[in-house]
Amino acid sequence: MTPALPHQASSSQDEAGGPAEDRRHMIRRRALTLSIIVLLIGVPAGYLVISANQSRDSGKDKEAKYSATGLTEGWPSKVQRRLYQVPIPHPADQVAYYETNNWKTSRLYAQFRTSSAGLDAFLTGLGVNRGDLKQGKVTVSARDQHITGWSFKTPGPWSGFHHAQKNPAPTQDIVVNLSNPVSPMVYVVSRTVP
């Protein structure tokens, strides 16, 4: 007697219990699978590329800001204005600033052109008024003029004052060019001891 051989299924149709997958359905299924894979890999990869570019651009902006060696056009940050007590008024144009820091003293150099009312608002923000400005007095030191490139030798009239305050409040040297009383130009050196 010969042993019985195991019976093999004749087709996959018998196993699945239904008709075999047609070609159109298979292509559609593979396209859907490919789309899902692309989305699962492509979207995070795209996000990483965008994020890396933004991070690199941010680093370049910060590098340019902190490697500046003179006045930079634009407004100092609100934190800088508050820390150094330099209340630049609105409206103001030709605004530029430069900050230096070391272990002894931190300085904010700022310049701006404003209106007559803006100058009054600036001085009021410091707790002083126009009567504190001394005509012909240039309070910004030669050292600070050299750092910023400011020159107070050209026709003025120049007026200035030294605004000393008790630590930790900053001390300011302010010079105002009143050659155009409607649009005075203001130069400020505010220094604080960290």
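FYI, it's all coordinate maths here, none of it is from the lab. Since this is a predicted model, take the numbers as computed values, not measurements. Here Cβ is always computed from backbone atoms with ideal geometry, including for glycine, and neighbour counts include all displayed protein chains.
For the residues S190, S159, the requirement of being in contact (Cβ under 8 Å) with a residue 60 or more places away in the chain, outside any loop (DSSP other than H, G, I, E, B) and small (G, A, S) singles out S190.
When restricted to residues that are among the basic types (K, R) and either farther than 16 Å from N177 by Cβ or in contact (Cβ under 8 Å) with a residue 60 or more places away in the chain (or both), the range 97-150 contains 4.
For every residue, the table says whether it meets (1) surrounded by 13 or more Cβ atoms within 10 Å (Cβ to Cβ); (2) under 21 Å from the mean Cα position of the chain (by Cα).
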{"position": "S77", "(1), (2)": "no, yes"}
{"position": "L83", "(1), (2)": "yes, yes"}
{"position": "R107", "(1), (2)": "yes, yes"}
{"position": "V128", "(1), (2)": "yes, no"}
{"position": "V138", "(1), (2)": "yes, no"}
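Could you tell me whether Q111 is outside any strand (DSSP E or B) and polar (S, T, N, Q)? Answer is no for this residue.
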